[in-house]
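Take a look at the structure below.
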Amino acid sequence: SPGSLAQLAGRTMLRLRGHAPRSSLKKLYKPQVPEYFNFARNVLDAWTEREKKPQSAALWWVSESAPEVRWSFEELAFNSRRAANVLCGPCGLRRGDRVLLLLPRVPQWWLLNVACMRTGTVLIPGTCQLTARDILHRLQSSRAKCVITDESLAPVLDSVASHCSSLHTKLLVSHKKREGWMNFNQLLRTVSSDHTCVETRSDDPMTIFFTSGTTGSPKMTEHSHCSFGIGLTVNGRYWLDLTERDVLWNTSDTGWAKSAWSSIFAPWIQGSCVFVHHMPRFDTTTVMQTLSRYPISTFCTVPTVYRMLVQEDMSRYRFPNLEHCVSAGEPINPEVMERWKASTGLDIYEGYGQTETVLIAGTFKGMEIKPGSFGKPSPAYDVQIVDDACKVVPQGTEGNLAIRVKPNRPFSLFTKYTDDPERTAQCFRGDFYLTGDRGVMDQDGYLWFVGRADDVINSAGYRIGPFEVENALTEHEAVAESAVVSSPDPVRGEIVKAFVVLNPAYKSTDYDELTVELQEHVKRVTAPYKYPRKIEFVDQLPKTVSGKIRRVELRNKEWGRS
Ligand code: ATP
Ligand code: MG
């Protein structure tokens with residue numbers, strides 16, 4: 001039940017704050033995976049059946065162009081049962097059918113997430129920033145039977161739908177009608193609110209998320225009902241520090257696994273309120289106004305947003321209810337953490353995870369933060385640093401960040417890359433799942449990110465992680481952000497090259513002088529062999545839709561690869 005999941009997390013949290021040894025944490029954090037589990041029935045409906053209900057709303061949605069929406073857990077259950085009836089009634093969907101959901105942050109997105117759980121259909125979320133080609137690829141590779149979107153993307157869907165033989169149903173979320181499309185808003189008003197949630201086994205497929213595509217084509221990553229539905233308990237209580245009284249704002253786009261983490265499962269397991277700002281276009285002023293105007297207690301966003309916020313004059317704003325801030329998706333620079341603390345008085349707690357996992361490691365409230373480290377392993381996983389032969393390396397040695405999967409495979413790990421057994425097999429070696437990231441564990445058990453395996457630079461025998469060099473650069477006041485990659489060199493094989501975005505005040509500086517100054521600065525603040533021998537000043541860095549730096553693009557350009 002949600003109560004027992006929340007209690008389990010709460011008890012473990014108390015131990016965590018009391019610095020309990022990891023062995024006792026592991027003993028405490030032992031959720032039993034039942035044979036059957038469905039988040040809508042076992043968690044959301046259970047909240048509505050409890051005598052003592054969560055104090056805050058389940059969903060609180062605000063927008064500059066529409067009246068706000070506030071749903072209690074009862075209203076969420078009621079509306080999502082009707083949405084489930086739309087899917088299994090007029091849309092003719094059956095358990096196991098795949099549904100591609102392309103919607104911005106509108107309340108219907110939350111309803112349809114829950115409706116898919118209730119009907120046992122497999123949800124495939126996608127971002128609205130996809131192009132016609134991306135959508136065609138996703139529809140064909142997923143063989144989705146139904147697509148749900150709004151009027152802005154419907155014409156794009158229509159332009160590719162004839163190439164997708166599995167696609168039977170197009171459902172439009174709009175007040176307007178469109179030829180060839182069923183209308184969700186209209187159908188919702190006509191269907192019954194009685195719906196019996198299907199009995200899903202814990203290991204039945206629940207969702208397929210596409211990875212962010214930072215290193216290559218996004219991969220279809222399948223999760224079971226218990227993987228996120230129970231596994232994200234750790235995220236909610238330990239990392240996001242949520243209780244029934246909290247209001248969490250996660251700025252993530254609806255297309256990424258982080259929206260499942262922080263906009264659905266983790267907060268709702270704890271009975272917390274999910275706050276949403278529609279925000280069609282990201283804007284730092286809106287973020288600061290929202291944090292000061294609404295009783296948001298936990299703020300969850302990505303490093304790129306924190307980097308933008310600390311460039312602003314934040315002294316004009318007060319965030320009276322804000323208690324806890326977290327960052328995930330990319331490493332966060334210590335300099336940015338420091339500036340955020342100077343303005344808000346709050347630390348930034350980091351989380352490390354993947355579309356394939358729940359939180360792998362993090363800094364949890366009450367724990368000492370070592371800036372630059374993303375904290376300690378989550379009690380959900382046995383995290384180790386291993387060499388290429390999958391042997392655990394001594395503390396202080398760089399290696400592959402890995403999760404132990406033998407003898408017991410963690411239930412909160414993805415099931416597989418859909419239709420790609422080879423790729424799935426490649427990331428399991430020996431007793432471990434290999435994340436594809438490199439890191440170091442220090443003597444206190446803290447983990448330090450070195451970089452994605454492909455991003456690590458090998459210069460004249462030295463291995464250099466881009467993150468450390470980027471951090472050093474960010475400490476210089478001229479630098480807004482940077483990306484460090486390898487560049488070919490006839491003598492050293494590879495050298496360190498930095499692409500630097502300058503703060504506006506430095507845009508007209510003499511670049512040659514500034515290059516030397518930045519190189520000297522890096523030599524001063526980190527081991528001198530890491531300094532960037534080449535620096536290029538650019539207006540912006542190539543990023544994924546979710547805001548992650550695509551070093552691969554810069555590296556390919558350097559090496560003349562397409
Ligand atoms: P793709 O797998 O398609 O290339 P991706 O790996 O960026 O894309 P995600 O699953 O969204 O897709 O991101 C997970 C990755 O993000 C991790 O493997 C890691 O490289 C990076 N990451 C996430 N959180 C952190 C963090 N706190 N510090 C450093 N890196 C992080
Ligand atoms: Mg990845």
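Any read-out appearing in this document is the output of simple, stated calculations on the displayed coordinates, not a laboratory observation. Since the model is a prediction, treat every value here as computed from it, not as a measurement. As a convention, Cβ positions derive from the backbone with ideal geometry for all residues, glycine included, and neighbour counts pool all protein chains shown.
Residues whose amide H comes within less than 5 Å of that of ASN503, counting only those at least five positions distant or on another chain, are VAL479, ALA480 (H built at 1.01 Å from N in the peptide plane). Separation of the stretch 402-418 from the stretch 326-376 is 24 Å, based on Cα centroids. Whole-Hz Karplus values for the stretch 286-291 come out as 4, 4, 5, 5, 5, 5 Hz, taken residue by residue from phi with 6.51 cos²θ - 1.76 cosθ + 1.60 and θ = phi - 60°; glycine and proline positions read x.
About the centre of its Cα atoms, the chain shows a dipole size close to 1400 debye [charges on the beta carbon of Lys, Arg (+1) and Asp, Glu (-1) only; nearest 20 debye].
Remark: the stretch 131-235 carries a charge dipole of roughly 300 debye about the Cα centre, counting +1 on each Lys and Arg Cβ and -1 on each Asp and Glu Cβ. Working note: 222 nm ellipticity from helices only, DSSP H runs with n ≥ 4, each -39,500 (n - 2.57), summed and divided by the residues of the chain, gives -8000 deg cm²/dmol to the nearest 500. In a DSSP loop and with at most 16 other Cβ atoms within 10 Å, the trypsin sites (Lys or Arg not before Pro) in the stretch 83-128 are ARG94, ARG95.
Sequence-ordered 3J(HN,Hα) estimates for the stretch 232-239 from the Karplus curve with 6.51, -1.76 and 1.60 and θ = phi - 60° stand at 7, 4, 4, 4, x, 8, 7, 8 Hz, glycine and proline given as x.
Counting only Cβ charges, +1 for Lys and Arg and -1 for Asp and Glu, the dipole size of the stretch 503-562 around its Cα centre is about 540 debye. The lysines within cross-link reach of LYS543, meaning a Cα-to-Cα straight distance under 16 Å and a gap of 8 or more places when in the same chain, are LYS557. Counting neighbouring beta carbons within 10 Å and listing from fewest to most, the residues TRP71, TRP239 come out as TRP71, TRP239. If you take the Cα centroid of the stretch 449-490 and the Cα centroid of the stretch 230-308, the two points sit 30 Å apart.
Specify which residue in the list VAL491, TRP559, GLY465 is farthest towards the positive end of the charge dipole of the stretch 440-562, using unit charges on the beta carbon of Lys, Arg (+1) and Asp, Glu (-1), about the Cα centre. The listed residue farthest towards the positive side: TRP559.
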